[in-house]
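Participant: One structure, as structure tokens, below. Some questions next.
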Amino acid sequence: MSTRPRISFDERGWCNACQWMEEKKVLNWDPRQKELEELLQKNKSKTGNFDCIVPVSGGKDGSYVAYMLKHKYGMTPLAVTVRPALSLEIGDKNLHQFVHSGYDHIHLTPNMKVMDRLNKYGFIEKGFPYYGWLIAIMTAVIKTAENFKIPLLFYGEDGEIEYGGSTESKNKPLYDINYMKRVYLEGGHEKVFDRIKQDDDISDADLSFFKFPTEAEIFEGGLSFTHWSYFEPWDSYRNYIIAKEHCGLTEKEEGNLDTFTNFSQNDQALYALHAYMMYLKFGFGRATQDAGIEIRRGSMTRDQALNLVKMYDNSYPLDLIDTYLEYYQMTKEEFDSVLDKYANKDLFEKVEGIWQPKFTPGVDFNI
């Protein structure tokens, strides 16, 4: 979607995600494969310690990365999960299945009072419903790496490259904390942190798992952060097949309200609100994201995708509203005021209390 932050288009009207899709088909991946092998060799433990950390949720992507590291490259990864606030039963089951398929695993539960508060402040200040958890899947995982003296962290895909956004890291195997804060946390980490520091019932120690290390601490620990998608062509459907076959991944039996897929983002209830907020802010939701992936894979036409987007994208999460109000400790009026704050008035108008699009996908602006 042309409204996606940091996205760019070429003279053909192709976004940088589609340009990268085209480039991946002709790219010589051998040099990147050699970079991967050198990175693994450099960080392979000589003392029997874990070689690397892979953040996992039990979903397809983390499971795939852990599987490849262990079974193709002979590494000993430590899988780390940061517990989300409103976990879903199927997500808990998939994580259990992943762990029991043969991986060393740590399940972290950072101070949930702090996470709940950061999630609420992130929702209010950034329009990002699980902002505290997003912080923790970086900071708590890094702290675990420091404590276990594991220098190499493998995340899945760089969403900026794969789905449209900044291309600054396209040819860089490693990235840093500044990139995490500026891009993944949308430059709001300090703003949300300043808010919670004003709470008298939250101590500095309570925030420990939510703090980024200093540059000096990163250097001292020799920590490196990378995306698996840099080293081979990223394919989320292939990841799903591998995770299903080898790591016990199961998909939802029932469909989703906001997309046509049933095998991803099944770990927490707040994702549906995140997708809806994305829709209100930018005019595209989860179905647009999923359809874009399928188009780039060559498994769907643009016309098919547009029909699905029209069916699914405008999905107010009605069935979960009471859950959200209880979780955030908000009234319906307070909750709606946050939605109103972030709704793009150029794209939406309110009809009977619900924001409705003033545009037709694929007609009124680029999709």
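The values are calculated or read from the model by the stated rules, or taken from the named source; none is laboratory data. If you're wondering where the values come from, they're calculated on a predicted model, not measured in any experiment. With ideal geometry, Cβ positions are generated from the backbone for all residues, glycine too; neighbour counts draw on all protein chains shown.
Participant: Yes or no: Arg32 charged (D, E, K, R) and not assigned by TED's automatic domain parsing to the domain that holds Ser166?
Facilitator: So Arg32 fails the test.
Participant: If we scan region 41-54, do we find a residue that is under 17 Å from Glu157 (Cβ atoms) and not hydrophobic (A, V, I, L, M, F, W, C)?
Facilitator: No, region 41-54 contains no residue that is under 17 Å from Glu157 (Cβ atoms) and not hydrophobic (A, V, I, L, M, F, W, C).
Participant: Also, I was wondering about something else. Starting from residues that are touching a strand residue (DSSP E or B) at 6+ places or on another chain (Cβ under 8 Å) and in a helix (DSSP H, G or I), keep the ones in region 43-72 and report whichever is farthest from His96 (Cα to Cα).
Facilitator: Ranking the candidates gives Asn43 first.
Participant: Restricting the search to region 262-285, which residues are farther than 16 Å from Tyr237 by Cβ and either within 14 Å of the chain's Cα centre (by Cα) or among the aliphatic types (A, V, I, L, M) (or both)?
Facilitator: The answer is Asp267, Gln268, Ala269, Leu270, Tyr271, Ala272, Leu273, His274, Ala275, Met277, Met278, Leu280.
Participant: Then there's this: Within region 325-338, does at least one residue satisfy the condition of being in contact (Cβ under 8 Å) with a residue 40 or more places away in the chain, crowded, with 17+ Cβ neighbours inside 10 Å and touching a Leu at 6+ places or on another chain (Cβ under 8 Å)?
Facilitator: Looking for residues that are in contact (Cβ under 8 Å) with a residue 40 or more places away in the chain, crowded, with 17+ Cβ neighbours inside 10 Å and touching a Leu at 6+ places or on another chain (Cβ under 8 Å), one finds at least one in region 325-338, hence yes.
Participant: Being at pLDDT 95 or above and surrounded by fewer than 21 Cβ atoms within 10 Å (Cβ to Cβ) narrows it down to one residue among Lys281, Lys252, Lys310; which is it?
Facilitator: So the residue among Lys281, Lys252, Lys310 that is at pLDDT 95 or above and surrounded by fewer than 21 Cβ atoms within 10 Å (Cβ to Cβ) is Lys281.
Participant: While we're here: Residue pairs, Cβ under 6 Å, 6 or more apart or interchain, first in region 190-218 and of a type outside the set (Ser, Thr, Tyr), second not in a helix (DSSP H, G or I). List them.
Facilitator: The qualifying pairs are Ile196/Ile202; Asp206/Asn111; Phe209/Pro110.
Participant: Also, I was wondering about something else. Restricted to region 44-78, and to residues that are surrounded by fewer than 16 Cβ atoms within 10 Å (Cβ to Cβ) and out of contact with any helix residue (DSSP H, G or I) (no Cβ under 9 Å at 6 or more places or on another chain), which residue is nearest to Glu89 (Cα to Cα)?
Facilitator: That would be Lys72.
Participant: Name the residue that is farthest from Gly165 (Cα to Cα), counting only residues in region 182-207 that are assigned to a helix (DSSP H, G or I) and aliphatic (A, V, I, L, M).
Facilitator: The residue in question is Ala205.
Participant: When you look at Trp20, is it modelled with pLDDT of 95 or more, surrounded by 14 or more Cβ atoms within 10 Å (Cβ to Cβ) and more than 16 Å from Leu174 (Cα to Cα), yes or no?
Facilitator: Yes; evaluated as a whole, the condition is true for this residue.
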